[in-house]
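Inspection log for the structure reproduced underneath, given as structure tokens.
Bear in mind these aren't lab numbers, they're just calculated from the coordinates by the rules spelled out. This one's a predicted model, so the numbers in the text were calculated from it and none came from an experiment. Please note: Cβ atoms are built from the backbone with ideal geometry, for glycine as well, and neighbour counts cover all protein chains shown.
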Amino acid sequence: MNRVYYPDAQVPDDWTSPVLALGNFDGVHRGHMKVIDRVSQRATERQVTAALLTFDPHPPRIVRPDKAPRLLMTLEQKLSFVAGSGIDAAAVVRFTPEISRWEPEEFVNTVLVDWLHVSEVWVGANFLFGRDRSGNFSLLRSLGGRYGFVVDKIDPVRYKDFVVSSTRIRRLIADGQVDEAGALLGHHYVLEGEVVRGSQRGHGQGFPTANLQTDNEVLPPDGVYATTLSVDGTIHPSVTNVGVRPTFETDGARFIETHVFDFNGDLYGARVSLAFIERLRSEETFADAEALRRQIAMDCDRARALFDRISL
């Protein structure tokens, strides 16, 4: 997928009259995917470029940093996920204090018209833009009419009784409800990062672990989870402990440790993706290493039983 940044570079000549998905797309959840799918469909029908525009950093980091939410995905995760969804090209606006002060029409004229040359723009129903978030869908549609491009929206997507939103998904993950969060996302919640060396205490207990160092901002609460670890495109069932290792450690440092079932390879230095399937229990302090070992064995049995029931 082609990628270009504003204001660093011009849009390539082969971006033909883009049909654009416009938004933040944090988590790329079911609601976002409905916008993206519609853009892909419309671009295919019209034989033009299907494009996505997002912002980096997340605008609240600039305009209200004390209230900015933790993000569900890094920018690289977001763009990699979108690359497999029928989008041909990604545009990223490097969001600055100056851009945050633009009136809605200046953003439309400068970015959508002069830079991207859009022919259609699709947004979620609640998309806001411009200085003090003063631009809404109605204004964007009016400006589209003035500048010669079509604007349309996708209504909120519901799952069960809930409107799907990044805010709700963050809340579910914070509560440990990673299975419900995955249902709203339309995919499992994933941390990405590098496997680093740990204390190797798990190996001595018969349950070697891969210790993940990640740039993701939203971590599930301390506890044990059924997970999958993806390495070089291969998915491995696993269990993961998120927490402070209270049986052995006293410094309060947080770790993400994954035991991969039936795996004997060397993962040190590998880039991996860790998907959270279901919370198994909270983190506990055990009387000794043997009591912890027995509990880990039970955790593994429970996770294996779960994987036998579902498709990975």
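Data overview
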item	result
Label assignment, Kirkwood radius over Cα pairs in Å derived from the structure, set (1) 21.3; (2) 19.7; (3) 20.6	(1)
Segment 282-309 versus segment 56-96: alpha-carbon centroid distance in Å	37 Å
Estimated Rh, segment 188-309: Kirkwood, alpha-carbon pairs, angstrom	14.4 Å
At R0 = 41 Å, FRET efficiency that the Cβ-Cβ distance of H117 and R158 yields, to 0.05	0.75
The chain - share of DSSP beta bridges that are antiparallel (%, nearest 5)	60 percent
Cβ-based net charge around F263, under 15 Å, with every Lys or Arg adding one and every Asp or Glu removing one	-3
Förster radius 25 Å - calculated FRET efficiency between S138 and A68 (Cβ-Cβ, nearest 0.05)	0.40
The chain - mean residue ellipticity at 222 nm from DSSP helices (-39,500 (n - 2.57) per run, n ≥ 4, rounded to 500)	-8500 deg cm²/dmol
Dipole magnitude of segment 188-309 about its Cα centre (Cβ charges: Lys, Arg +1; Asp, Glu -1), debye to nearest 20	240 debye
Dipole of the chain, positive direction: furthest Cα of Q41, A125, G193, with charges on the beta-carbon	A125
10 Å-binned pair-distance histogram of segment 2-159 (Cα, whole percent)	11, 43, 40, 6, 0
FRET efficiency, 1/(1 + (r/R0)^6) with R0 25 Å, evaluated for D175 and D215 via beta carbons	0.65
Separation of alpha-carbon centers, segment 8-40 and segment 124-146, rounded to whole Å	16 Å
Under 20 Å from the T167 label point (7 Å along Cα→beta-carbon), backbone N, segment 133-152	133-138
Chain lengthening between I310 and Q41 when straightened (0.36 nm per residue, less Cα-Cα)	93.8 nm
Neighbourhood net charge (15 Å Cβ-Cβ; Lys/Arg +1, Asp/Glu -1) for H58	+2
Furthest towards positive pole of dipole, V4, I62, W15, structure part segment 1-67, Cβ charges	I62
Net charge of Cβ neighbours under 11 Å - reference V178; Lys, Arg +1; Asp, Glu -1	-3
